[in-house]
2 protein chains.
Amino acid sequence: MSRITALETTDIRFPTSLSLDGSDAMNPDPDYSAAYAVIRTDAADGVEGHAFVFTIGRGNDVQVAAIDALAGHLVGREIEPMLDDMGATFREIIGDSQLRWLGPEKGVMHMAIGAVTNALWDIKAKRAGLPLWQLLARMTPEELVALVDFRYLTNALTPEDALEILRAGVAGRDEREAELLATGYPGYTTSPGWLGYSDEKLERLALEALADGFTQIKLKVGADLDDDIRRFRKAREVVGPDFPIAIDANQRWEVSEAIEWVKALAEFNPAWVEEPTSPDDILGHAEIARGIAPIRVATGEHAQNRMIFKQLLQANAIEVMQIDAVRVAGVNENIANLLLAAKFGVPVCPHAGGVGLCEAVQHLSMFDFVAVTGTLEGRLIEFVDHLHEHFVVPTDIQGGSYMPPTAPGVSMEMKAESIAKYTWKGEHVID
Amino acid sequence: MSRITALETTDIRFPTSLSLDGSDAMNPDPDYSAAYAVIRTDAADGVEGHAFVFTIGRGNDVQVAAIDALAGHLVGREIEPMLDDMGATFREIIGDSQLRWLGPEKGVMHMAIGAVTNALWDIKAKRAGLPLWQLLARMTPEELVALVDFRYLTNALTPEDALEILRAGVAGRDEREAELLATGYPGYTTSPGWLGYSDEKLERLALEALADGFTQIKLKVGADLDDDIRRFRKAREVVGPDFPIAIDANQRWEVSEAIEWVKALAEFNPAWVEEPTSPDDILGHAEIARGIAPIRVATGEHAQNRMIFKQLLQANAIEVMQIDAVRVAGVNENIANLLLAAKFGVPVCPHAGGVGLCEAVQHLSMFDFVAVTGTLEGRLIEFVDHLHEHFVVPTDIQGGSYMPPTAPGVSMEMKAESIAKYTWKGEHVID
């Protein structure tokens, strides 16, 4: 037996606003940041759990404070019973009624629970000697169902539904694992499309994306329609008439505005329209989906929890579901999200980018392929080539595909020297 | 001109868990707490703005940190331009893209913006020499519309709709103000109904509620059906067959469970069913509303922002809308909420209780009566007789009605000695 000795947190901020990397219609000057958590134990193996919440600058200190507030659920406790029943561990923390008031199950406190949950999974996976995706994909359907909190889901997804989905996914697991290790999971890239980039940079990066083997690119839109038309036309000229180009409005529009704006861009054949309006507006997304059909609506990077995904699916509001590794309460809640998507037959194309989101979320899609839906059809993981150098196990992209990580853990661990260099001291480190 | 010199915060916690006051099916042991904010200026008038976020204990420090994170929007700035255009001030803070990422517009960061917004309104009202309700009720429709952020609302409520509602409310303002000052705003009480209370205490407090002139009581339900039946029967016997008794499940149920449970209590004629399931589940509330009609569904104390209220109304999910003074981003967002309710013709019966929520929310209902809907029909403000002694201007309840505060400000200011005594030092003060 070993005990948790510490939950350590660090406020890490990268000066990305200085280069306009990551600029979009809602977020003109993000400073990609991490509220970083490390769980330590007194075990002789020296294994640590590393995870984080991604933020875009100011307020990262608030997110750190929220992670700190969870120490009482961890420090001093024997860790093995917690790791052996991660479902019960998750439900205990998510069920802390006093902390729950601060959401419930949304925003800063919910994301903090996600960081702690993911850090525990990091220890569990490292101790098992497996990357997270493989650890999950080798669990039995019963073990996986026990990880999920079905509260508020049962009118759309019951434990029995989940078991049925997962049992159907058992056949062929080994073959899919081998396929994944051989050829990877397809990705698409948003690198060309940031609003702050010049047309020339857009063109150059779009050509690079093609050359690199990506099978889709994405453009940020929503600030100015004439600009969007010009940039979309330019991108379409560069990549040709049939190459998928998604667009992303980052919540910029009213419902009717979204419908009109997308119609004005329809001639360029968007692969999907992402975050057209408030992430809270389920009925609005459904109205937009009806208004722009057959163009597909995608959302999810700001969907606060499994209840929002449930409703987006119930309302036929999305045809592409975009989970995020750190917006919800970690691995456990994202397993619920994957099961909901599977139940409704909607493909999951995760949100990534930021700092470390690609590293983190790839495990979930790979688990989905091997053990849940068993298919890559219509599925892509977002990729942005940015800040990977700070991670101990960075993404390995080959021919536009994510090659599965083989190192044990959840891949959210940053290099010690990066943590030290970018720990926030009140001003930015200029590289 | 004067400048903001400080945004001071305090972590205040009352040991309410020791007496089971406030216990319900979801929150068995709340410690009513306030993340308390004071805005100071260098003006000669010495006026300070006081406001808070209500929490139930652990995590109150996180909420304080979130308020602290807003200092950059306040400290050092000239306050008069901010107070003169509270709509622009609100939109600036709510629009901080880096802080917005932490919600967006929900949870800890959103409530922190509410505290700061309300503290600014406290200064504005104190400088005007008016209680908040009267300050708002004397603004022109155009001035009121300028306070609202209509982003994401326009498919349900446009600025033109709001103007129309408010212009219709201009006639008779003086008469309604006089009526309010003479007879108050009707209240109902939850004091008898906490789950942790014995049947004898329930019976005694229900009789007291009748004697005090309240026109409705409320019982907490949802932990155990047999207990609920026994307690509801007891309450019904005590108050008679026609006296309104609402029930409140505090988010305890699944959708189908809510429908079955409420049907099992239907014989006792609940006035409404409050928070039957997740506050995020708009479609679930709508399903419950259809399933238990004609019994009415009420919710809102955990509705994170105006987009949730918009959808609850669009989906016909609620027949009673329960705003909370501190869950959303303050006075400005609650004006949007009142206008949405008016547009859809749904009565607002605010959530209160906790610590200081009665003091805070009464202003919004009174403003609604004088200048928005112009009616008290079907409207009640919740009242719990608890912790009022800590406020500089406590509620004044006469014959079961809230008598309008006449002291300038938003009524959220606590007594200095209460703040000093209950400032959190890591353990509870035992009275």
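No value in this document is a laboratory result; all are computed from the given coordinates. Computed from a predicted model, the values in this text were never measured in an experiment. With ideal geometry, Cβ positions are generated from the backbone for all residues, glycine too; neighbour counts draw on all protein chains shown.
Structural remarks
- Taking every residue in A:145-155 and counting other chain Cβ atoms within 10 Å of its Cβ, the average works out to 3.
- Residue by residue along B:250-263, Cβ atoms of other protein chains within 10 Å of the local Cβ number 2 on average.
- Of all DSSP beta bridges in the protein assembly as shown, antiparallel share, percent nearest 5: 55 percent
- Loop-located trypsin sites (Lys or Arg not before Pro) in segment B:384-431, at most 16 other Cβ atoms within 10 Å (DSSP): B:K415, B:K425
- Highest average first, the peptides B:108-116, A:38-46 ordered by how many other beta carbon atoms sit within 10 Å of their residues are B:108-116, A:38-46.
- When the protein assembly as shown is described by a simple charge dipole with +1 on each Lys and Arg Cβ and -1 on each Asp and Glu Cβ, the residue from A:H386, B:Q304, B:A329 located farthest towards its positive end is B:Q304.
- Modelled FRET efficiency - R0 60 Å, A:M139 with B:V75, Cβ distances, 0.05 increments: 0.70
- Label-to-label distance, nm, for residues given as B:D84 and B:R3 (7 Å Cα→Cβ offset): 1.9 nm
- Here the chain B residue lying nearest the rotation axis onto A, judged by its C-beta and given with the distance in whole angstrom, is B:G107, 1.
- Contact order relative to length of chain B, as percent, for alpha carbon pairs under 8 angstrom and 6 or more apart: 20 percent
- From the alpha carbon centroid of segment A:29-77 to that of segment A:145-194 is 26 Å.
- Antiparallel bridges, percent of DSSP beta bridges restricted to segment B:173-417 (to nearest 5): 25 percent
- Cβ-Cβ FRET estimate between A:V170 and A:R233, R0 fixed at 51 Å, reported to 0.05: 0.60
- Plainly put, the tip 7 Å out from Cα toward Cβ on B:R290 is 1.4 nm from that tip on each other copy, the closest given first.
- Only DSSP H runs of four or more residues enter the estimate; each adds -39500 (n - 2.57), and after division by the residues of chain B the mean residue ellipticity at 222 nm equals -12000 deg cm²/dmol.
- Counting only Cβ charges, +1 for Lys and Arg and -1 for Asp and Glu, the dipole size of the protein assembly as shown around its Cα centre is about 280 debye.
- Spatial offset of segment A:215-269 relative to segment B:367-431 amounts to 51 Å, using the alpha carbon center of each.
- Sorted from nearest, the other copies put their A:E78 label points 6.6 nm away, the label point being 7 Å from Cα in the direction of Cβ.
- Extreme residue, positive dipole direction of segment B:4-130, given options B:T41, B:G87, B:T9 (C-beta unit charges): B:G87
- In nanometers and ordered shortest first, the copy-to-copy spacing of the A:G240 label point, defined 7 Å from Cα toward Cβ, is 8.3.
- The mean count of C-beta atoms from other chains within 10 Å of the C-beta of residues in A:271-279, rounded to a whole number, is 2.
- Spatially proximal aspartates and glutamates relative to A:K201 (Cα-Cα < 13 Å; intrachain offsets below 8 disregarded): A:D21
- Each part reduced to its alpha carbon centroid, segment B:310-358 and segment A:270-349 end up 26 Å apart.
- Computed from the C-beta positions of B:T154 and B:E92, the FRET efficiency with R₀ = 25 Å rounds to 0.80.
- Only Lys, Arg, Asp and Glu carry charge here, each on its Cβ (+1 for the first two, -1 for the last two); on that basis chain A has a dipole of about 400 debye about its Cα centre.
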